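The values are calculated or read from the model by the stated rules, or taken from the named source; none is laboratory data. Just so we're clear, the structure is a prediction, and the values are computed from it rather than from any experiment. Note: ideal-geometry Cβ built from the backbone for every residue, glycine included; neighbour counts use all protein chains shown.
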Amino acid sequence: MTDRSGLGGDTDTEEARRAALVDSLPRPSADTPLLAELQLDARRRIELKGRKFPRPERTRVITVANQKGGVGKTTTTVNLAAALAQAGLQVLVLDNDPQGNASTALGIDHRAGTPSIYEVLVDGAPMHEAVQESPDVPGLWCLPATIDLSGAEIELVSMVARETRLRTALDVYLDWRTTQGLEQIDYVFVDCPPSLGLLTINAFVVAREVLIPIQCEYYALEGLSQLLKTIELIQAHLNPHLSVSTILLTMYDARTNLAQQVAEEVRTHFPERTLRTTVPRSVRISEAPSYGQTVMTYDGGSSGALAYLEAARELAERAAPGAARNDIPAGVPAGSAQEDQ
């Protein structure tokens, strides 16, 4: 049987080899920012390439959300998903955005008429009839979005249990995989539009965790307080198990004081939720979707790909058996998180 946790008899030897290679790298100083960047990429390449990430005890369902547009929600969704799948995990992306950008980046067919999340939400079609596997990354699956989804907001208004239709469909799909003898899905990522409508509410209700990408630019925290209030309302009325577990800083440029100030401010407000890893501005990240790929397959050795790979490792290790819990409910001060009852 494959050891999906990444633990084997020669684990200590492999870790020692990686550590020795990292120690042999030249030491940068404050006067050598370019060397520091190259050293960081080299360290990540040594430590992460070919590594298997730990499997969570149960399926983690994570909605990637931010009411502010252009912060890298879809980019973060598809690249974290691809990174985890490359590390030996089974990952499903639910493309809940009518633009269908996540489907494009994963190389998934989402032309009009393709079975999609629209049929699942509006017609109650079984999810397994619409889920497709990514052609580039084994173990990475996607429920695509087509242009039909743009009309779903209106059609859902009059439906029974309109806020829980995605959760019900996902539960049935996960049970179906079990009955078919398929591997358990380890991670489900939900990509949603920036507007707060029934599609986004469905995304919050289906999840247990929220991951918020925040760009390291001016107005980065604008709208975040409103997003947290929205999540608190979802917790109170529709999904008491929902929590803001993770914040990821994106579009980080270490050469600017502004990026450093924004990063410091976010870490001050949300110290336990913010990942240590920051995702840099990267031409490769921007180019990849135009080729129908994530940056993980487009240029896996680029700074952007290595940053998402390290962020994925952080995300996975936080949920590893025995790891400290980090899923703090919205509005609860750091340090007072409680286990779900």
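What about ALA263, is it in contact with an Asp or Glu (Cβ under 9 Å, 6 or more places away or on another chain), more than 18 Å from ALA65 (Cα to Cα) and surrounded by 15 or more Cβ atoms within 10 Å (Cβ to Cβ)?
no
So in segment 281-299, with the set limited to residues that are without any contact (Cβ under 8 Å) to a residue 60 or more places away in the chain and not hydroxyl-bearing (Ser, Thr, Tyr), which one is nearest to ASP109 (Cα to Cα)?
Of everything passing the filter in segment 281-299, GLU287 is nearest to ASP109 (Cα to Cα).
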(request) Kindly provide the set of residues from segment 118-149 that are hydrophobic (A, V, I, L, M, F, W, C) and over 21 Å from GLN184 (Cβ atoms), ordered by number. (result) LEU121, VAL122, ALA125, ALA145, ILE147, LEU149
(request) Identify, from the list LEU228, LEU221, LEU248, the residue that is part of a strand (DSSP E or B) and touching a strand residue (DSSP E or B) at 6+ places or on another chain (Cβ under 8 Å). (result) LEU248
(message) Just checking, does segment 113-123 include any residue being out of contact with any Phe, Trp or Tyr (no Cβ under 9 Å at 6 or more places or on another chain), small (Gly, Ala, Ser) and either modelled with pLDDT under 95 or on the phi < 0 side of the Ramachandran plot (or both)?
(response) yes
(message) Among the residues of segment 67-85, what is the count of those that are of a type outside the set (A, V, I, L, M) and closer than 17 Å to VAL188 by Cβ?
(response) 5
(message) For segment 77-95, which positions are buried (at least 24 other Cβ atoms within 10 Å of the Cβ) and either assigned to a loop (DSSP other than H, G, I, E, B) or hydroxyl-bearing (Ser, Thr, Tyr) (or both)?
(response) THR77, LEU89
(request) Look at segment 95-141 and say how many of its residues are of a type in the set (Phe, Trp, Tyr) and over 19 Å from THR75 (Cα atoms). (result) 1
(request) Using the structure shown, decide if ARG51 is of a type in the set (Lys, Arg), within 30 Å of GLY197 (Cβ to Cβ) and at pLDDT 80 or above. (result) no
(message) Name the single residue that is modelled with the highest pLDDT among those in segment 148-205 being hydroxyl-bearing (Ser, Thr, Tyr), in a helix (DSSP H, G or I) and farther than 21 Å from HIS128 by Cα.
(response) THR200
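Taking PRO98, is it in contact with a helix residue (DSSP H, G or I) (Cβ under 9 Å, 6 or more places away or on another chain) and either among the charged types (D, E, K, R) or in a loop (DSSP other than H, G, I, E, B) (or both)?
Working: in contact with a helix residue (DSSP H, G or I) (Cβ under 9 Å, 6 or more places away or on another chain): yes; either among the charged types (D, E, K, R) or in a loop (DSSP other than H, G, I, E, B) (or both): yes.
Considered against the rule, which asks whether it is in contact with a helix residue (DSSP H, G or I) (Cβ under 9 Å, 6 or more places away or on another chain) and either among the charged types (D, E, K, R) or in a loop (DSSP other than H, G, I, E, B) (or both), PRO98 comes out as yes.
Answer with yes or no whether VAL160 is more than 27 Å from PRO56 (Cβ to Cβ), surrounded by fewer than 24 Cβ atoms within 10 Å (Cβ to Cβ) and touching a Gly at 6+ places or on another chain (Cβ under 9 Å).
Working: more than 27 Å from PRO56 (Cβ to Cβ): yes; surrounded by fewer than 24 Cβ atoms within 10 Å (Cβ to Cβ): yes; touching a Gly at 6+ places or on another chain (Cβ under 9 Å): no.
It is false that VAL160 is more than 27 Å from PRO56 (Cβ to Cβ), surrounded by fewer than 24 Cβ atoms within 10 Å (Cβ to Cβ) and touching a Gly at 6+ places or on another chain (Cβ under 9 Å).
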(request) Read through the list (1) under 18 Å from the mean Cα position of the chain (by Cα); (2) not in a helix (DSSP H, G or I), then give the number of the only condition that PRO271 fails. (result) (1)
(message) Condition check: modelled with pLDDT of 95 or more and not aromatic (Phe, Trp, Tyr). Does GLU217 satisfy that?
(response) no
(message) Which count do you get for residues in segment 127-181 that are farther than 23 Å from LEU238 by Cα and either in contact with a strand residue (DSSP E or B) (Cβ under 7 Å, 6 or more places away or on another chain) or aliphatic (A, V, I, L, M) (or both)?
(response) 14
